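All remarks here apply to the structure that follows.
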Protein chains: 2
Amino acid sequence: MSKIGSANPQLIQALESTEKGNSMFEKQIRQMPLPVIKDFVEGGGIVPAHFSTSTETLPPSKDGAAVSAGFPNLYPVTGNSVLQSTTTERPKTSGKRVAVLFSGGPAAGGHNVLVGLKKVLGTQNILLGIKNGPKGLLEGTMFEITEKALETIVNTGGFDFLGSDRTKIKTSEQFNQVKTVCHDQKIDALVVVGGDDSNTNAAVLAEYLFKNVHSDGRGVQVLGVPKTIDGDLQVESLLPISFGFDTATKTYAEMVGNILQDTPSSRKYWHFIKLMGRSASHVALEVALQTKPAVTFVSEEIENRKYSLSHIVDIICRSVARRAGKGINHGVVIIPEGLIEFIPEMKQLITELNEVMAHSEKMLSETHDVGEKKNFIYGKISAESAKLMASLPDEFENMLLLDRDSHGNLQVSQIPTEKLLIEMATTRLHEMKTDPKPFFGQAEGQIDLNPEEVARFVKSKFSTNNHFFGYEGRCGAPSRFDAAYCVNLGITAGSLVLSGKTGYMAAITSLDKGGKALALPLTGLINVERRHGKDEMVIEKALVKIDSPAFMFFQACRDRWSREDCFASPGPRQLWGPVASQMPMTVALNQGYAGLNFDLAADVKLV
Amino acid sequence: MSKIGSANPQLIQALESTEKGNSMFEKQIRQMPLPVIKDFVEGGGIVPAHFSTSTETLPPSKDGAAVSAGFPNLYPVTGNSVLQSTTTERPKTSGKRVAVLFSGGPAAGGHNVLVGLKKVLGTQNILLGIKNGPKGLLEGTMFEITEKALETIVNTGGFDFLGSDRTKIKTSEQFNQVKTVCHDQKIDALVVVGGDDSNTNAAVLAEYLFKNVHSDGRGVQVLGVPKTIDGDLQVESLLPISFGFDTATKTYAEMVGNILQDTPSSRKYWHFIKLMGRSASHVALEVALQTKPAVTFVSEEIENRKYSLSHIVDIICRSVARRAGKGINHGVVIIPEGLIEFIPEMKQLITELNEVMAHSEKMLSETHDVGEKKNFIYGKISAESAKLMASLPDEFENMLLLDRDSHGNLQVSQIPTEKLLIEMATTRLHEMKTDPKPFFGQAEGQIDLNPEEVARFVKSKFSTNNHFFGYEGRCGAPSRFDAAYCVNLGITAGSLVLSGKTGYMAAITSLDKGGKALALPLTGLINVERRHGKDEMVIEKALVKIDSPAFMFFQACRDRWSREDCFASPGPRQLWGPVASQMPMTVALNQGYAGLNFDLAADVKLV
């Protein structure tokens, strides 16, 4: 570039060199060595381990018979025995062609799974990258991943090196297509990097491709790698967490921490923050533990304790009133993305509405008068549901009644829960200020403020802001935890390939003590679930358990957090320095670890 | 806390200890030593320097006569000569009572200004913190800041230790109140930490309190410290930047970088991201240089080059079309908060509308028919403005016509520019796809795609998301740059107090070469500006100059960035490790530095 005014040419040159993923940060993280479990390290290099039966098994499936019948090839071999790495001998396999794909939304660390795979497969096997997820698998678009490419992608965020996609492989036509692609491209093994649905898909593929794909009767091995920022693919002590969760929650926790720090500085806002994470509230719970905001909702608790929408609004208003009584006119409310569907009465209402819509589609599409439509619908639903719907702010009532997707179903995820709660809390607080008497006092259900505090609350203002953090957390550069975890997951998946296994998902445990590589049999994870009106064999989403240590710890703290500022700022995630090695708090709590720092043995320079 | 299920009690205890600003991160950053300019260091401790006239002066004000008349006490003493630190002798002042306040929105590093002040004032002077900004000054609410308190606040984000406020001290009654407070509480010096308006206020206070506050005829010294995340308080080579800008832009740049990294992974979204920063586009420009998105608007350029709203939409659609032609159906558009007001035709329209509203308030408030109201207003504005307004999507037309604040003025900042541009771009792209012929080709103004690319564009989808990043960036823990910069600004302000100066703003230059502490005379920064229909003496906001090296560099790169993915992810800001010492790119470019790393001499352990 020619001279730019009085800018220093040396700086111009340095800045120009940062384009296309070459920021100073990106250049540095590519150089970062990562810890590798000692079973996979020999002479400073990465080597595969064998996997053999451990003493651990998955809890027996309640649908064992159905699963056994559904997976006649796979089940007798994998069942529910967990495998563990051993180093008594190492696989000497060569000549395998292994294809890997990303499935679903991106999660930080995906590229490092590729790095781990490539390193362990070595030069004597070939690693192919399938472009654009399951869709690319059906089309057979793949390319060889070279050692050189790893230098670019190691430790970087995103799934862009391969791309991803949400295609579900379901029909027998699609399965045949995969078989043909594997046959034609001489694929020996498939590695599916994805969430619960994608790993269910991996199980079905493992069964379908078990044998007779190639002319000599061989099948194609299929292995899964647990990915999802939502954290809802986890198996108690056998799979502490899916990858991507740590980076996403650290990203959101920084933002939430910053906003919390803003509240007592500007002293005038309640911030309502919705966090991505689909149905499960793992993300909300982790961010709450990191930052300690005034109010955090955990959908699973709301469902379990059958909270009404009104009770949820009440929880917010109690915190607002108690704080205002002390002169604290600010706070933060954390809302998990899937909240609405976990409120039993809302779930009931939505089900009834979907039913009405489905049965009266024609009539409703021919009625153009909104009032008439409303009357019709109100006449068709239960009294409780009608009451609930009438209690909603107009905008949301209309949304429930009118905004449908092409199948006539309500798009629940489109409902801005954070705005709904703001509106309802505003109305309730106004009532509480207009006539405080019934709300305050020492009686059951009343809020325990003294008259002076009530007066302070009545005079206080309730100003709000709302936020939704989602995309920001999926593609950032992986935290050190995710970066290291993913390399080891990749090595584990690669070792399983070289050990000749099929139908397993890679897992790492003992994250605080050097790491232990496991393989979980996919058939052992599968249950029968009712979906879209029929039984399907799926890996169930792991929701937050309200008897888990992480939830119980949160529960023990939250009353204090709701009454006054107890917040902390976890800061931006650090790749270097004294706090770079932390794992998620929920993971450390639920696994019974003594500290937050992860330890996966020896640092290895990867590229 | 009693035992929590199977959680490790040691971990429970560690997590409990993180409440109230004690995350592992916060505990560590408090220990972080910071570099201090060598003029302020002696025997490993911090000492004040004298300030005396340098060879530098501020450019002569165009309103010199008015300023001289408006500041009869201050101007003859401070004029426009810049002071510089010297160490030939050091101030031995003791017994001073110095009060400091934060004014306006929070910015990262404010607490470190207090640390710098306290360290340099030492035990022989007293530092008082004024609670809740200018309001607290009027009320006289202040407390002594102890050495012990510094241990808690050093290197932390937020203004919460003192609180802040936006009260403007304007009336003679208010000035008298300040005088009385200073007299009664025996204040010798006031330090005002704030933006352009607050430093204007500091100048007026310095003049008003110049003498005769105390019974012996002494006045009160007033010093300013340049704060604002917007970056619009800067003075060419004499004040490279205000504090807080670096942390805010690093925070936003991480989020934008993450979203950019998401785009080629999920391959389906254009993200429109509005960034806080008020009128000036410094924040947008810095974030653009850090991340290299497809489209970034700089308000100052739009005003300078008289772009129409339609042209702005055209810039977006060109990038969308060119990328879609290559199969890239994603991108990021950065929009500065103040954009709307910088589009000349929009500014004209808004002015006309405000005029009509002001003159026909009664008539409009009595008309309840929206159509009638619209007709009335359309009849009163110019043909150009009417045409522009009619071209807006309905929702925005209504917003312009109907949503007014209590003074009848349009609340421009409430207009969701990012959504307006999405709607208009969607409409335009639809036109371009319906009848591509006039839009593509080699003629002047046409987009240079070949027929195959045009066909690919016509088939492409345009899905969008929108974001607004604001509060997240104001209160995070300061970057190393802001942390160090603020300590040195605080030491500079404290040294000025001990040197007996009044009416100056602290500044640091030579940020890449050990740092140089300066004092800029506030009178030299003041100009006469027309505000609310009358002349006011104010420090003008420093807007982005389109002949500045930073803008010119951006301009030289942006066509490339708009055509294909050139983005980089700067990552989360690092407090440790190889990229922790970077300053803003715009600062390094505009100051002619050779690199991005700042250097403020020797690291000193502060608390």
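Read-outs: derived from the displayed coordinates by stated rules, not from any lab. Worth saying up front: this structure is predicted, and the values here are computed from it rather than measured. No Cβ is skipped: glycine too gets one built from the backbone with ideal geometry, and neighbour counts run over all protein chains shown.
Based on the Cβ-Cβ distance from residue A:546 to residue A:66, what FRET efficiency comes out when R0 is 30 Å, to the nearest 0.05? Please list the in-between numbers first.
Numbers: r = 28 Å, r/R0 = 0.94.
Efficiency, rounded to the nearest 0.05: 0.60.
How many percent of DSSP beta bridges within chain A run antiparallel, rounded to 5?
50
Only Lys, Arg, Asp and Glu count, each charged at its Cβ (+1, +1, -1, -1), so figure out the dipole size of chain A about its Cα centre, rounded to 20 debye.
1100
Along segment B:227-242, what does the Karplus equation 6.51 cos²θ - 1.76 cosθ + 1.60 (θ = phi - 60°) give for ³J(HN,Hα), rounded to whole Hz, x for Gly and Pro?
These are the phi-based 3J(HN,Hα) values: 10, 3, 5, 5, x, 8, 10, 8, 9, 6, 6, 8, 8, x, 5, 8 Hz.
Rounded to the nearest 500 deg cm²/dmol, what is the calculated helix-only ellipticity per residue at 222 nm for the protein assembly as shown, with -39500 (n - 2.57) per DSSP H run of length n ≥ 4?
-12500 deg cm²/dmol
Can you give me the Cα centroid spacing of segment B:439-484 and segment B:321-389 in angstrom?
Segment B:439-484 and segment B:321-389 have Cα centres separated by 23 Å.
About the Cα centre of segment B:468-536, how large is the charge dipole given +1 on each Lys and Arg Cβ and -1 on each Asp and Glu Cβ? Please answer in debye to the nearest 20.
120
For peptide A:246-259, compute the average count of partner chain beta-carbon atoms within 10 Å of each residue's beta-carbon.
Neighbouring Cβ atoms belonging to other protein chains average 4 per residue here.
Charges on Cβ only, +1 for Lys and Arg, -1 for Asp and Glu, centred on the Cα centroid of the protein assembly as shown; of A:604, A:334, A:413, which one is farthest towards the dipole's positive end?
Of the options given, the answer is A:604.
Sum up the charges of everything whose Cβ sits under 12 Å from the Cβ of residue A:250, counting Lys and Arg as +1 and Asp and Glu as -1, but leave residue A:250 out.
Net charge in that neighbourhood comes out at -4.
What are the distances, in nm and sorted shortest first, from the label point of residue B:391 to the label points of the same position in each other copy, with each label point placed 7 Å from Cα along the Cα-to-Cβ direction?
Going from nearest to farthest copy, the values are 4.9 nm.
So what's the net charge close to residue B:77: Lys and Arg +1, Asp and Glu -1, counting the other residues with Cβ under 12 Å from its Cβ?
That sum, taken over residues with Cβ under 12 Å, equals +1.
Which chain A residue comes nearest the axis with its C-beta when you rotate A onto B, and by how many angstrom?
A:572, 2
Can you put A:376, A:462 in order of Cβ neighbours within 10 angstrom, beginning with the fewest?
Fewest to most other Cβ atoms nearby, the residues stand as A:376, A:462.
What are the nm distances, shortest first, from residue A:530 to its equivalents in the other copies, labels at 7 Å along Cα→Cβ?
Here residue A:530 shows inter-copy label distances of 7.3 nm.
Could you give me D for the protein assembly as shown, from Stokes-Einstein at 20 °C and 1.002 mPa s, where the hydrodynamic radius is the Kirkwood radius over C-alpha pairs? Units µm² s⁻¹, please.
Approximately 66 µm²/s, per Stokes-Einstein.
With point charges of +1 on the Cβ of Lys and Arg and -1 on the Cβ of Asp and Glu, referenced to the Cα centre of the protein assembly as shown, which listed residue (A:319, A:569, B:171) lies farthest in the positive direction of the dipole?
Result: A:569, furthest along the dipole toward the positive end.
If you take each beta carbon of peptide B:149-160 and count the beta carbons of other chains within 10 angstrom, what is the mean?
Going residue by residue through B:149-160 and averaging, the value is 3.
What residues have an amide H closer than 5 Å to that of residue B:218, excluding those fewer than 5 places away on the same chain, when H is modeled at 1.01 Å from N in the peptide plane?
Hits under the 5 Å cutoff: B:212, B:213.
Can you check what the net charge comes to around residue B:593, using other residues whose Cβ is under 11 Å from the Cβ of residue B:593 (Lys, Arg +1; Asp, Glu -1)?
So the surrounding residues net to -1.
Which ³J(HN,Hα) values, rounded to whole Hz and listed in residue order, are derived for segment B:333-340 from phi using the Karplus coefficients 6.51, -1.76 and 1.60 in 6.51 cos²θ - 1.76 cosθ + 1.60 with θ = phi - 60°, glycine and proline given as x?
Coupling constants for segment B:333-340: 10, 9, 10, x, 3, x, 2, 3 Hz.
Sorted from shortest, what are the nm distances separating the label point of residue A:363 from equivalent points in the other copies, each placed 7 Å from Cα along Cα to C-beta?
So the distances to the same position in the other copies read 5.0 nm.
Other chains near B:27-36: what is the mean number of their Cβ atoms within 10 Å of each residue's Cβ? Before the final figure, lay out the partial values.
On the way: counts 3, 5, 6, 0, 1, 2, 0, 0, 0, 0.
Mean number of neighbouring Cβ atoms from other chains: 2.
Counting Lys and Arg as +1 and Asp and Glu as -1, each charge on the Cβ, what is the dipole of segment A:143-274 about the Cα centre in debye, to the nearest 20?
Dipole magnitude for segment A:143-274 comes out near 320 debye.
Could you work out the per residue convex hull volume over the alpha carbons of segment B:248-473, in cubic angstrom?
Output value, Cα hull per residue: 137 Å³.
Starting from the Cα gyration tensor of segment B:516-607, take the square roots of the eigenvalues, sort them a ≥ b ≥ c, and report rounded, prolate or oblate (rounded when a/c is under 1.5, otherwise prolate if a/b is larger than b/c, else oblate).
oblate
Grab the beta carbon distance between residue B:236 and residue B:166, set R0 = 25 Å, and tell me the FRET efficiency rounded to 0.05.
0.35
If each residue's Cβ is checked for other Cβ atoms within 10 Å, how do A:417, A:434, A:351 rank with the fewest at the top? If you can, show how the numbers build up before the last one.
Details: A:417 25, A:434 8, A:351 13.
So the residues, fewest neighbours to most, are A:434, A:351, A:417.
Quick check on the exposure proxy: order B:581, B:463, B:319 from fewest to most C-beta atoms within 10 angstrom.
Ordered from fewest to most neighbouring Cβ atoms within 10 Å, B:581, B:463, B:319 come out as B:463, B:581, B:319.
Have a look at the DSSP beta bridges in segment B:248-473 and tell me what percent are antiparallel, nearest 5.
5
Can you tell me the length gained on complete extension of the stretch residue B:427 to residue B:361, counting 0.36 nm per residue apart and subtracting the Cα distance?
20.4 nm
Need one number: % antiparallel among DSSP beta bridges in the protein assembly as shown, to the nearest 5.
Details: 62 of 130 bridges.
Restricted to the protein assembly as shown, the bridges split so that about 50 percent are antiparallel.
Once Lys and Arg get +1 and Asp and Glu get -1 on their Cβ, which of A:116, A:182, A:194 lies farthest toward the positive end of the dipole of chain A?
A:116
Calculated FRET efficiency, residue B:444 and residue A:555, Cβ-Cβ r, R0 51 Å, to nearest 0.05?
It comes out at approximately 0.15.
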